[in-house]
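Working notes for the structure below.
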Amino acid sequence: MRPPDPIADYLDALARALAFDPALARRVAKEAEDHLREAAQTDGGDADAARRAVAAFGDPRALARQYAAAALTARTRRLGAGTVMALAGIFLAMEGRVAWYGLMQWGLADELKAMSAIALPLDRYAFLLALALAIVGCVYIGSRRAPPELHQGYGQELHRAVVLCAAAAGALIVAVTTEAVLTILRLLAAEPSAAALVPAATMVVEAAGAGALVWSIRTAFRRAMQATALL
Amino acid sequence: MLKGHLDMIVLAALAGAPAHGYAVIQEIRRRSGGAFDLPEGTVYPALHRLEQQGLLASRWTRSESGRERRVYALTRSGRRALADHHAVWQRFAAAIGGLFAETAHAAAGSHR
């Protein structure tokens, strides 16, 4: 059994309160440990000194709330920028594929033309909607200033920014899925050749970009939930 | 009231030399004559926030006892921000000083 160590117990509680950002939790734990051990040492170095150092440091959940506002703001800003970058990458992949079709003089089979007439506007408008939502999300979170401590109102503002990114990702998935269906049908209708590798590769890039974005949004939601549990 | 000025207080404590969190707290306590006795942990989120704003830079060093410690220093933007805070504070203090001087004068007049 480990001897009672108020500092170690406090650091555990602090790490639990900062679970919304594991990298931040590790850094804060190291800094807090250095502080608490030095304070306890200066004050006599016994268990009572350790308890006094812990008491003077403050409530771990209150501290976590102070970290949460800035940490979640930075994370949500990165998410907004990541959403715009994912859109830019997917746009380049789409344009690259269209340019390749042109270069290869790879026309659309007649039976796909009717479907394409419906799918392409859907693809285009879904992509434009995703772009508009991502830009609004970016501007919204960029205009927020993190308060010294996370509170209910600011938590809702951050949530709103993540929802905008999620809505952008939803519209983007519609665009990528439409592109994927059209690309697969086009490839199936053509003779197998090495030229098919380029459209297939661009589709993989698009799917990976959309998947990474969905993963980031899921993580952002989960961390925001963990942080708002501190309120 | 102190909480609203924490960023300025932390920047001022770091104006002399780079320091780790514990030393920043000691410096605040020393220079305020013990008047600013914050919950000690409060300084760390402020250091982190100021670093994110680009007003501080930090790096890990090793203490004499072998523990890792984060040392913070003002950046150029941090020095500018501190100078701005200082100017605003001086104007505010002068205005409040003027207000109280008038009040004291009026109070003295009414006692005559």
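The values are calculated or read from the model by the stated rules, or taken from the named source; none is laboratory data. Note that the structure is predicted; figures quoted are calculated from it, not measured. Cβ sites come from the backbone with ideal geometry, for glycine too, and all protein chains shown count toward neighbours.
Here is a check on your reading of the model: is residue A:76 buried (at least 20 other Cβ atoms within 10 Å of the Cβ), among the β-branched types (Val, Ile, Thr), part of a helix (DSSP H, G or I) and within 14 Å of chain B (Cβ to nearest Cβ)?
Values: buried (at least 20 other Cβ atoms within 10 Å of the Cβ): yes; among the β-branched types (Val, Ile, Thr): yes; part of a helix (DSSP H, G or I): yes; within 14 Å of chain B (Cβ to nearest Cβ): yes.
It is true that residue A:76 is buried (at least 20 other Cβ atoms within 10 Å of the Cβ), among the β-branched types (Val, Ile, Thr), part of a helix (DSSP H, G or I) and within 14 Å of chain B (Cβ to nearest Cβ).
For the range B:24-34, which positions are more than 9 Å from every other protein chain (Cβ to nearest Cβ) and not acidic (Asp, Glu)?
Listed by number, the residues that qualify are B:24, B:26, B:28, B:29, B:30, B:31, B:32, B:33, B:34.
It is to be established whether one or more residues within the range A:18-25 are crowded, with 22+ Cβ neighbours inside 10 Å and within 30 Å of residue A:161 (Cα to Cα).
Within the range A:18-25, one or more residues are crowded, with 22+ Cβ neighbours inside 10 Å and within 30 Å of residue A:161 (Cα to Cα).
Report the residue count in the range A:39-77 for those that are among the charged types (D, E, K, R) and under 37 Å from the mean Cα position of the chain (by Cα).
5
As an exercise: evaluate residue A:67 against (1) closer than 30 Å to residue A:174 by Cα; (2) within 12 Å of chain B (Cβ to nearest Cβ) and give the number of the one condition it does not meet.
(1)
Look through A:58, A:45, A:82 and report the one residue that is of a type outside the set (Asp, Glu), surrounded by 15 or more Cβ atoms within 10 Å (Cβ to Cβ) and free of Cβ contacts under 8 Å to residues at least 12 places away in the same chain.
After ruling out the rest, the residue left standing is A:58.
Since residue A:48 meets every condition but one in (1) in contact with a Leu (Cβ under 7 Å, 6 or more places away or on another chain); (2) modelled with pLDDT under 95, which condition does it not meet?
Just one mismatch for residue A:48, condition (1).
Residue-wise test of (1) of a type in the set (Phe, Trp, Tyr); (2) surrounded by 12 or more Cβ atoms within 10 Å (Cβ to Cβ); (3) touching a residue at least 24 places away in the same chain (Cβ under 8 Å).
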site	(1), (2), (3)
A:106	yes, yes, yes
A:111	no, no, yes
A:114	no, no, no
A:119	no, yes, yes
A:123	no, yes, yes
A:128	no, yes, no
A:146	no, yes, yes
A:151	no, yes, yes
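Of the residues that make up the range A:36-55, is at least one of a type in the set (Ser, Thr, Tyr), within 11 Å of chain B (Cβ to nearest Cβ) and part of a helix (DSSP H, G or I)?
Taking every residue of the range A:36-55 in turn, at least one turns out to be of a type in the set (Ser, Thr, Tyr), within 11 Å of chain B (Cβ to nearest Cβ) and part of a helix (DSSP H, G or I).
Given (1) within 10 Å of chain A (Cβ to nearest Cβ); (2) touching a residue at least 12 places away in the same chain (Cβ under 8 Å); (3) exposed (fewer than 15 other Cβ atoms within 10 Å of the Cβ), identify the lone condition not met by residue B:54.
(1)
Determine if the range B:57-66 includes at least one residue that is modelled with pLDDT under 95, closer than 27 Å to residue A:29 by Cα and either away from chain A (no Cβ under 14 Å) or part of a helix (DSSP H, G or I) (or both).
No: zero hits.
Criterion first (within 14 Å of chain A (Cβ to nearest Cβ) and among the polar types (S, T, N, Q)) does residue B:90 satisfy it?
No, not satisfied.
Being away from chain A (no Cβ under 14 Å) and not in a strand (DSSP E or B) is the requirement here; does residue B:12 meet it?
Working: away from chain A (no Cβ under 14 Å): yes; not in a strand (DSSP E or B): yes.
Here the answer is yes, as residue B:12 does meet what is asked.
How many residues are in a helix (DSSP H, G or I) and touching a residue at least 24 places away in the same chain (Cβ under 8 Å) when one looks only at the range A:171-194? Even if it seems obvious, please write down each step before you answer.
In the first step, residues of the range A:171-194 are kept if they are in a helix (DSSP H, G or I); the result is A:171-189, A:194.
Retained after the next criterion (residues that are touching a residue at least 24 places away in the same chain (Cβ under 8 Å)): A:171-176, A:178-183, A:185-186, A:189.
So the answer is 15.
From the residues in the range B:35-51 that are in a helix (DSSP H, G or I) and either more than 8 Å from chain A (Cβ to nearest Cβ) or out of contact with any helix residue (DSSP H, G or I) (no Cβ under 6 Å at 6 or more places or on another chain) (or both), which one is surrounded by the fewest Cβ atoms within 10 Å (Cβ to Cβ)?
Looking only at the range B:35-51, we keep the residues that are in a helix (DSSP H, G or I), and these are B:40-51.
After this cut, where a residue has to be either more than 8 Å from chain A (Cβ to nearest Cβ) or out of contact with any helix residue (DSSP H, G or I) (no Cβ under 6 Å at 6 or more places or on another chain) (or both) as well, the list is B:42-43, B:47-48, B:50-51.
Values: B:42: 20, B:43: 22, B:47: 22, B:48: 24, B:50: 25, B:51: 17.
Out of the qualifying residues, it is B:51.
From the list A:228, A:202, which one is crowded, with 16+ Cβ neighbours inside 10 Å, more than 25 Å from residue A:18 (Cβ to Cβ), among the hydroxyl-bearing types (Ser, Thr, Tyr) and over 14 Å from the mean Cα position of the chain (by Cα)?
Numbers: A:228 fails: more than 25 Å from residue A:18 (Cβ to Cβ).
Answer to the selection: A:202.
Take residue B:73 and decide whether it is in contact with a strand residue (DSSP E or B) (Cβ under 6 Å, 6 or more places away or on another chain) and away from chain A (no Cβ under 12 Å).
yes
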